[in-house]
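The values are calculated or read from the model by the stated rules, or taken from the named source; none is laboratory data. Owing to the predicted nature of the structure, the values given are computational and were not obtained by experimental measurement. Glycine also receives a Cβ, built like all others from the backbone with ideal geometry; neighbour counts cover every protein chain displayed. Surface areas here come from the heavy atoms of the whole protein model, side chains and all, with no ligands, DNA or RNA. Shrake-Rupley method; radii C 1.70, N 1.55, O 1.52, S 1.80 Å.
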Amino acid sequence: MRAPDERGGPVAASLRDLLADPSIPADVRESMSADFKRVEHMLDRLENEELHVAVFGRVSAGKSALGNALLGRDAFTVGVLHGTTTEADAARLEEASTAGLVLIDTPGINELGGEAREKLAFDVAEVSDLVVFVADGDLTREERDALRMLAATRRPLLLVLNKADRYGDDEREGLLARLREHSAGLVGAEDVIAVAARPSPRDVVEVDATGHEHRTPEPRPADVSALRARLLAIADREGKTLSAINAGLFAGRLTDQVSERIAATRREVASGVIRQYCIAKAVAVALNPVPVADLLLAGGLDAAMVIQLGRVYGLPLTRGESGRLVAVITTQLAALMGAVWGVQLVASALKGLSGGLSVVVTAAAQGALGWYATVLIGRAAEHYLVCGKSWGEHGAKRAVAGIVASLDRDSILREARDEILRRLKTTR
């Protein structure tokens, strides 16, 4: 195994770091195992200085025959039936002097009922370094759409007119001109190339001694020299750079996906934590007959919730930090929603004046408000943690106001009242 090129070295190192990252949860790694396997293959390619070339196109455009012609041997299955290639095959083109060209034959993109194979073809193209798009005539709408999709993967493209032997010189040049027109902005004009991977046999006429003519089909050699030269030039000049860039792009997308998956998992866990504290706080506040004590209890539960959210997001908070964070949030909420906190204080006072007899009357309303406040505090704390223990450039006031505006208060209060009444009935 050769040492990685200097341009590929940092990318290879980043791939190794991604594969060994201890912060990626096991369940996330398992759910994305196929993607991590691709990273392993890309790392091998970088270390072996390989340039992977996907041969792509419609059914029966001659993709497998073209691959075999380039290789000079029958490495890929060739048949007259549609859909001969059912999965991606790969073979190495040994002629490349500085980077090993590996050709990947893909299923046809328009095979009837072959959605899975079409997806495989796009997957292979996405993780390849270069795509050879094979057509056997002017591009259909389906082919033009596929070409645009491939261009969106930011892979260099070569557009090949196969079976060029079927056309006369003028007709072939006209087809190449139309292909360049259709692929303008997607494929360079110099990368639209005519080939004949499997030319039709040529009839050789012989006249015997009696003067009778005999026609004998004579195979003709493949004409792929222009394409082979172009591929070898790309491999020799920029193959290692293409491999490194494309591996880096894929690793970057995977890193983003991993981050999104981890964030989604954390949001799900955090939502469960917040709901648990909503229930605990709402029921405790509703049932506590001691004036003001229920509000003190609520503050303690909020601080405990924030500590647990810090653990979920991998940013542990001390009791002091959690208390200060809750204080900041509640201060902002009080400024935004003074009436809400006023209702809670009145309900708490009613408990004392009535000796606890008004609990049944005020429990559901006060508990629902406690539930709603817990949701707001929890979501605000989440925002603070997701931003790395920061309120962001706009500060706490704007952040908390945005959270209040984004939540459906009436829906939350309805859910809270229903849950509290159910639990109160169970308790009684």
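Among the residues of segment 157-190, which ones are buried (at least 20 other Cβ atoms within 10 Å of the Cβ), within 18 Å of residue 125 (Cβ to Cβ) and in contact with a helix residue (DSSP H, G or I) (Cβ under 7 Å, 6 or more places away or on another chain)? Result: 157, 158, 159, 160, 162, 183.
Filtering 198, 215, 220 for residues that are part of a loop (DSSP other than H, G, I, E, B), touching an Asp or Glu at 6+ places or on another chain (Cβ under 8 Å) and open to solvent by 50 Å² or more (accessible area, probe 1.4 Å) leaves a single hit, 220.
If I filter segment 120-156 down to residues being of a type in the set (S, T, N, Q) and open to solvent by less than 40 Å² (accessible area, probe 1.4 Å), which single residue comes out as nearest to residue 35 (Cα to Cα)? My answer is 128. Would you confirm whether or not segment 204-212 contains a residue that is within 21 Å of residue 151 (Cα to Cα), among the hydrophobic types (A, V, I, L, M, F, W, C) and either open to solvent by 40 Å² or more (accessible area, probe 1.4 Å) or in contact with a strand residue (DSSP E or B) (Cβ under 6 Å, 6 or more places away or on another chain) (or both)? There is no residue in segment 204-212 that is within 21 Å of residue 151 (Cα to Cα), among the hydrophobic types (A, V, I, L, M, F, W, C) and either open to solvent by 40 Å² or more (accessible area, probe 1.4 Å) or in contact with a strand residue (DSSP E or B) (Cβ under 6 Å, 6 or more places away or on another chain) (or both). Between 367, 378, the distinction of being under 15 Å from residue 281 (Cα atoms), modelled with pLDDT of 90 or more and crowded, with 18+ Cβ neighbours inside 10 Å belongs to 378 only.
Regarding segment 90-101, can at least one residue be identified that is at pLDDT 65 or above and not charged (D, E, K, R)? Among the residues of segment 90-101, at least one is at pLDDT 65 or above and not charged (D, E, K, R), which makes the answer yes.
Looking only at segment 131-151, residues that are farther than 26 Å from residue 235 by Cβ and β-branched (Val, Ile, Thr) come to 1 in all.
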